[in-house]
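Contents: one structure, followed by commentary.
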Amino acid sequence: MSTLAAAASTGEAVQFWLLGTVAVIGALCTVLMKRAVHSALSLAGTMIVLAVFYLANGAYFLGVVQIVVYTGAIMMLFLFVVMLVGVTAADSLKETLKGQRWLAAGLGIGFGILLIAGIGNASLKEFNGLGEANAGGNVQGLAALIFTKYVFAFEITGALLITAAVGAMVLTHRERTERARTQREQSEARVREGKQVPPLPAPGVYARHNAVDIPGLLPDGTPSDLTVSPTLRERGQIRDVSRESLAELKALERRTEDWLGRTSGEEPRPPSSGGTTPTERKEEAKK
Amino acid sequence: MENLIALLVAAPLVGAALLLCGGKRLDRTGHWIGTLLAVASFAVGVALFADMLGRSADHRAMHQYLFSWIPVGGFRADVAFQLDQLSMTFVLLITGVGSLIHIYSIGYMEHDERRRRFFGYLNLFLAAMLLLVLADNYLLLYVGWEGVGLASYLLIGFWQHKPSAATAAKKAFLVNRVGDMGLSIAIMLMFTTFGTFAFGPVLAATGATSEGKLTAIGLMLLLAACGKSAQVPLQSWLGDAMEGPTPVSALIHAATMVTAGVYLITRSGAVFNAAPDAQLAVVVVGAVTLLYGAIVGCAKDDIKKALAGSTMSQIGYMVLAAGLGPIGYAFAIMHLVTHGFFKAGLFLGAGSVMHGMNDEVDMRKYGGLRKYMPVTFLTFGLGYLAIIGFPGLSGFFSKDKIIEAAFAKGGTEGWILGGAALLGAAVTAFYMTRVMLMTFFGEKRWDPKETHPHESPKIMTVPMIVLAVGSVFAGGLFSINESFVTWLEPVTSFAHGHSPVSATTVTASTIVVLLLGVGTAWLMYGRKPVPALAPRGSLLTRAARRDLLQDDFNDLVFVRGGTHLTTTLVQLDRSLVDGAVNGTAASMGGLSSLLRRLQTGFVRSYAVQMLGGAAVLVAATLLMRGV
Amino acid sequence: MSFPLLTATAVVPAVGAIATAALPAAKRTAAKWLALLFSLITFALALVVAFRFDPGAGAPFQLTESHAWIRDFGVRYELGVDGIAVALIALTTLLIPFIILAGWHDADPLEEATPNRRWRPTQGFFALILAVEAMVVLSFEATDVFLFYIFFEAMLIPMYFLIGGFGDRAGRDGEEEAAGRRSYAAVKFLLYNLAGGLIMLAAVIGLYAVTADQLGTGTFSLQQIVEARTAGTLNIGTGTERLLFLGFFFAFAVKAPLWPLHTWLPGAMGESTSPVAVLITAVVDKVGTFAMLRFCLQLFPEASSWATPVILVLALISIVYGALLAVAQRDIKRLIAYASISHFGFIILGIFAMTSQGQGGATLYMVNHGISTAALMLVAGFLISRRGSRLIADYGGVQKVAPVLAGTFLIGGLATLSLPGLAPFVSEFLVLVGTFTRYPVIGIIATLGIVLAALYVLVLYQRTMTGPVKAEVTNMPDLRVRELVVVAPLIALLLFLGVYPKPLTDLVNPAVQHTLSVVDKKDPKPTVQVNAVPGEGRHGHAANDQDVEAAK
Amino acid sequence: MNPVYYLYLAALLFTIGAAGVLIRRNAIVVFMCIELMLNACNLAFVTFSRMHGNLDGQIIAFFTMVVAAAEVVVGLAIIVSIFRTRHTASVDDASLMKL
């Protein structure tokens, strides 16, 4: 489709209406989603849609660049940063500044209306499509322009990019101001502040469970939070298996007793939740 | 000869400068210098007088042009003197009486450590007064006018440690200032009307001027005269002015300064002749004052205040006469001169009495002094006879003529004025007799232990004698074939009035009322002893003791009202005018603190503002395209 | 190009200011003498100016100097003097030496307060005074509106420091209290005048725009603009002219000060030391009235005659209002300040009466008021420095203790109430007559001022000088030699100008006539033509013939 | 169907992005919204280039992308460093501009 008609085909119309709605929804989600991750993803969606529109508008190069640079690079950068920063719980959409939301909504709507009105009353009737512009191929056309007419701008943007890269490095690079503390100093500090002198206890119960998300049990069987990483604690992803392990302990004693031939009451009922059944374990024991 | 005129003024002026700037080294000789210069000025006056007599009546006026004083555009005031018969009369009176009083003061002020300054002030007064009567234009006259005011201020307040004296001085100056306002307005009117304010042109051009303007000028001049001559309604200062040393009262507040108003009116005769309404006002003021002063004089127990009242009333006579027009001017001046003699004499007498009674002024504490101070008694008595118009003495001639002229005004006015004048004569006789009796007759009401009344030294008595002689013979001398009138006629234009009653009737009636007054006085104060403490007295008496409540009125209206006004204005200035200014400043501050609210520091609110700005821009561009 | 006399007159004090300021802290007395020397040199130069100036010559401005300065905006360094300017320059340069002498010890308390090597209040004080002199002189000389504006504004800065920095230690309550009030007064002075000045700046720029629009090349030169007006090449629209006029007038009315823009004056004069107070009211404020006469009237004749009624009424209010408030004051200096307000009312009245008497009188008034207020205020300053209080109630019977002081004080007071024979009478009467000839009612009301003046002066004198001697006053020394040297010449001058003001009037009259011709106003003719010219046939009378011509 | 609809879409997206910038407190999300706005602009540019039949619009869009990339890099770096020091990514907490 080297020649692009001034008036769009019906196919393009259908495409516009479908993808347009998607784009708008994506944008709205970007704004309204609680978690930054979701915002980023919906933004990426919108951008892909835009890429398609670029293609539809005969900007093939840009369309590709849009996908590569934006959805490829920039959005990934966003996601990285989100991971770096926003892992914590989603930020509430509750407004703190008084009247900020109403102002924003009012101004936004007003602004949009103004823009649309502007576009509306601009007489944009004649469309001479990109037919001859893209005649020699879109990329070639762009290249020709960039390296002749816009060469200086191009160079400057290059400089800008380099500066930006360097700037980012400078900003994020943490300069170590004082030398690292030796282990001795650390331990001394620990002793001095007094809490948790020995190393933190390991997670898991008696080495039967050693998943990081299972807290260790204190002698009386109550789980201790010290044993799991604070991140998991924050996310509320701790599995509490203390009661079940106690039940298993009981079952073990029963088996030893009837293996010694002492009879007793009814079968101990296996714990309802999680874990493996004692029958399986019997088989294990047999192996 | 003309060039001597300036000398008249210069001599005392030099004296004043010497004595006031001379410093302590002149303390011993100061008073002699002052007196000498006063006498010198008198001598010059006599010389000029002789020269003037030598000429024919029409060429007696002399002029001396010194220099152009204020030339601005059409406005030209010169320092130039004019010495005609009228001025001459005044010059002789001022320098003559002035010199006498200088001599008298040498004795009177002997024990005052600031005597040098006193004489300096006296000389200053002489200079100013001479300037007043010698000026050939109204502005220069105005200088003298205020100059005498200043001198009177300084001399009334001479004993400044007495708050009463300081207050009296201030009062005198202020009241005079009100009059001066009138004079200055009159001068402005003349300038707008005639384009000049020199006597010659102005008085010559009155014929060609609308009566309205002349009336205005006349009334303003009258206001000035009222201020200076203590005429109703501006008379309130004269009584308090008696706080000054007695020679001052004699010279300034009896003989010379207070008569300046009469001079002004007589000098401006042409204006008044052409403005009957103004003349009427003058007459009314004169008549009212002569009665007012007389009544006040009757009630005062302070001898000087009584005399002050009489001064008011006598000047009332003069003003009345001056208001009568050509038939009166000459007699006004004549009475002025004779009054100068006998009233000065009376005051000097009073001063000598106080001198002997260690500065007691209350007549009720006098009594029976005639044998202790015979000379004073004699001179005072002669002055007394003169003022009440005892036949043959000065007052008789001058006052009698005025009464005649008052009748001659004609119509009901004539009758009213004549009647007032006659009544005044009766009251004059009454209060002067009262003073006489209370002071020199009756039993002594003073304590012989602390007061030892004694005759004053020669240097004081001699001037009194001279003045007494004057007050006896001056009147007669003047009226020998109307010599005085003919002398003044070229200036004041004399006309014989046709009075409805014959001269003899008037004379007879004056003598009758005179006897009446004396008789009543004798009945009240001569026959029965005078109480040493003033009885409560009738309502009129009490009112008269308080100057007929004039001061109370002034106090209520001007002093109190003025104080309130000024204090409120101060408040307004602080709250309103300044408040407006500070208010603007404060409102600016408030506005900025309001704008400060916009700077929340929250990025997002800034963002909102940015978006708003963007929206406005877009809207603006759209509108531009729309338009 | 002859020797730039006018520039020299302004430069000398400026150099003096720098030199004085440069002296090291130890050389205090040297600084004083240096300042005095420079002020005297300036006075001598001013006298030379006065003699080189020829009133008879036709040119409105003489001794002119003109150099291009800011070419792009047609700003020129243009100096020139007419009679009025000469008189006022003479007054300024005459007063400054006396001010310096009177303020000989004003900075000493500060020296004792902060014994610091770098801190040099004495040098600062006198340098500031000289700086003010330089600026004032230049603003009297400038005939270029922009040049004038610069110095008109710049003189605020040294004045601000003089008011805020140096006070008489006579506050009722402690020094820091007084310092607070002082700085308040100084700030008020500054803001008030700056506000006026900024409005004027707008008007100045507007004027430039108009000239640039109509003459092709914009100019600030007074003479060019006046000539262009008369030639008809420049005619400012009525509305514009009125706006520009108001812009100029507002600034000058603040400086003058005219009711209701007067409230900064009592504070400034009350809190500052009396020499500085004299500097304010006798020198700096004169620039305002002078500028009304030179710029407002000559640049905007129609607008001035349009605004005249309102201005006259305001001036009238100032006269009566100032006098009444003076009566009610308890503080000697504030009383004198309000009296000055009343007097400035007279000056403005005379200027806008648009008669030769009125404007001539107003000019004389500026000079005489300068001298008389200086005399009164400086003596009051000596009095205050003796007793250490500004309150009238704290005095009494001084006349008995210090007769010379009392005498000089009385003479100053009498001059203030314009007693005939003293200089102010001449000017005040001229103003009154000039006003009366055109506006009789206003003239008559203004004469009330005479009575009120007598009231406040005499009340002041009575309360302070007369009566029984107060205990605190008993051992008050009389005037010292330095103080006599300050006061005596002023009093002599008052007397001389009161008796023989002709030199001054001859100096001023042509300038006034020129101004009137620019404004295109004539003196009203007397209703009755007196055939007899006063004093005709007198010898030595030819002197005033040209005045006759002037009047016709 | 008239390609001008692309412009309407661009306007809509731009507005949504702007509103997002105003509403969201999380700096990262704010950044995303800015990206959204930029993309909207790009769409408009591309559409314009189609209208005028020359490639300049696309060039501009291209440059916009580059600039956007640079901006994102620096911006995110800033966010990271801020988060390190203040342990938050909320723009409201960084209100040091207010004194």
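The values are calculated or read from the model by the stated rules, or taken from the named source; none is laboratory data. For clarity, every value in this text was computed on a predicted model and none was experimentally measured. Every residue, glycine as well, gets a Cβ built from its backbone with ideal geometry; the counts of neighbours run over all protein chains shown.
Overview of values
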{"quantity": "Subset of the stretch B:142-162 that is of a type in the set (A, V, I, L, M, F, W, C) and more than 13 Å from the chain's Cα centre (by Cα) - its residue that is farthest from the other protein chains (Cβ to nearest Cβ)", "calculated": "B:Leu155"}
{"quantity": "Helices (runs of 4 or more DSSP H) wholly inside the stretch B:139-254 containing at least 3 residues that are within 22 Å of C:Leu458 (Cα to Cα) and not hydrophobic (A, V, I, L, M, F, W, C)", "calculated": "B:163-194, B:211-229, B:236-240"}
{"quantity": "Candidates B:Arg117, B:Arg76 - the one that is basic (Lys, Arg), assigned to a strand (DSSP E or B) and within 14 Å of chain C (Cβ to nearest Cβ)", "calculated": "B:Arg76"}
{"quantity": "Members of the stretch B:129-185 that are in contact (Cβ under 8 Å) with a residue 60 or more places away in the chain and among the β-branched types (Val, Ile, Thr)", "calculated": "B:Val133, B:Val148, B:Ile156, B:Thr167, B:Val175"}
{"quantity": "Residue, farthest from B:Val79 (Cα to Cα), within the stretch B:194-208, restricted to residues that are surrounded by fewer than 21 Cβ atoms within 10 Å (Cβ to Cβ) and facing chain C (nearest Cβ under 7 Å)", "calculated": "B:Ala208"}
{"quantity": "Boolean, C:Gly443 is part of a helix (DSSP H, G or I) and closer than 25 Å to B:Leu131 by Cα", "calculated": "no"}
{"quantity": "Flag for C:Ala50 being surrounded by 19 or more Cβ atoms within 10 Å (Cβ to Cβ), of a type in the set (Gly, Ala, Ser) and assigned to a helix (DSSP H, G or I)", "calculated": "no"}
{"quantity": "Residue within the stretch B:531-544 that is more than 10 Å from every other protein chain (Cβ to nearest Cβ), touching a Leu at 6+ places or on another chain (Cβ under 9 Å) and under 30 Å from B:Asp447 (Cβ atoms) present", "calculated": "no"}
{"quantity": "Qualifying residue in the stretch B:82-105 (condition: within 11 Å of chain C (Cβ to nearest Cβ), in contact with a helix residue (DSSP H, G or I) (Cβ under 7 Å, 6 or more places away or on another chain), assigned to a strand (DSSP E or B) and of a type outside the set (Ser, Thr, Tyr))", "calculated": "yes"}
{"quantity": "Number of the exception - B:Ile480 against (1) out of contact with any helix residue (DSSP H, G or I) (no Cβ under 6 Å at 6 or more places or on another chain); (2) exposed (fewer than 14 other Cβ atoms within 10 Å of the Cβ); (3) more than 25 Å from B:Ile327 (Cα to Cα)", "calculated": "(3)"}
{"quantity": "Residue among C:Glu78, C:Glu65 that is touching a His at 6+ places or on another chain (Cβ under 9 Å) and either outside any helix (DSSP H, G or I) or hydrophobic (A, V, I, L, M, F, W, C) (or both)", "calculated": "C:Glu78"}
{"quantity": "Single match in B:Thr566, B:Thr541 (criterion: surrounded by 12 or more Cβ atoms within 10 Å (Cβ to Cβ), touching a residue at least 40 places away in the same chain (Cβ under 8 Å) and under 30 Å from the mean Cα position of the chain (by Cα))", "calculated": "B:Thr541"}
{"quantity": "In the stretch B:218-250, residue farthest from B:Asp277 (Cα to Cα) [restricted to those that are under 11 Å from the mean Cα position of the chain (by Cα) and hydrophobic (A, V, I, L, M, F, W, C)]", "calculated": "B:Ala241"}
{"quantity": "Any chance B:Leu139 is more than 8 Å from every other protein chain (Cβ to nearest Cβ) and buried (at least 22 other Cβ atoms within 10 Å of the Cβ)", "calculated": "no"}
{"quantity": "B:Ser575 being under 30 Å from C:Tyr338 (Cβ atoms), more than 14 Å from chain D (Cβ to nearest Cβ), without any contact (Cβ under 8 Å) to a residue 60 or more places away in the chain and not hydrophobic (A, V, I, L, M, F, W, C)", "calculated": "yes"}
{"quantity": "Count of residues meeting criterion [β-branched (Val, Ile, Thr) and surrounded by fewer than 24 Cβ atoms within 10 Å (Cβ to Cβ)] in the stretch C:333-385", "calculated": "1"}
{"quantity": "Given (1) within 21 Å of B:Gly34 (Cα to Cα); (2) at pLDDT 90 or above, number of the condition B:Glu113 does not satisfy", "calculated": "(2)"}
{"quantity": "Test set (1) crowded, with 24+ Cβ neighbours inside 10 Å; (2) within 12 Å of the chain's Cα centre (by Cα); (3) within 9 Å of another protein chain (Cβ to nearest Cβ) - B:Val175 fails condition number", "calculated": "(3)"}
{"quantity": "Wholly within the stretch A:168-287, helices (runs of 4 or more DSSP H) carrying at least 1 residues that are among the hydroxyl-bearing types (Ser, Thr, Tyr) and at pLDDT 80 or above", "calculated": "A:183-193, A:242-259"}
{"quantity": "Members of the stretch C:481-513 found to be more than 20 Å from the chain's Cα centre (by Cα) and over 16 Å from C:Ala85 (Cβ atoms), listed by number", "calculated": "C:Val481, C:Arg482, C:Glu483, C:Leu484, C:Val485, C:Ala488, C:Val499, C:Tyr500, C:Lys502"}
{"quantity": "Index of the failed condition, B:Val559 passing every other in (1) over 30 Å from B:Val175 (Cα atoms); (2) loosely packed, with under 13 Cβ neighbours inside 10 Å", "calculated": "(1)"}
{"quantity": "Number of positions in the stretch B:17-29 that are assigned to a helix (DSSP H, G or I) and either buried (at least 24 other Cβ atoms within 10 Å of the Cβ) or of a type in the set (Lys, Arg) (or both)", "calculated": "3"}
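Per-residue answers, yes or no, for (1) more than 14 Å from chain B (Cβ to nearest Cβ); (2) surrounded by fewer than 19 Cβ atoms within 10 Å (Cβ to Cβ); (3) more than 15 Å from the chain's Cα centre (by Cα):
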residue	(1), (2), (3)
D:Phe31	no, no, no
D:Leu36	yes, no, no
D:Met65	yes, no, no
D:Ser81	yes, yes, yes
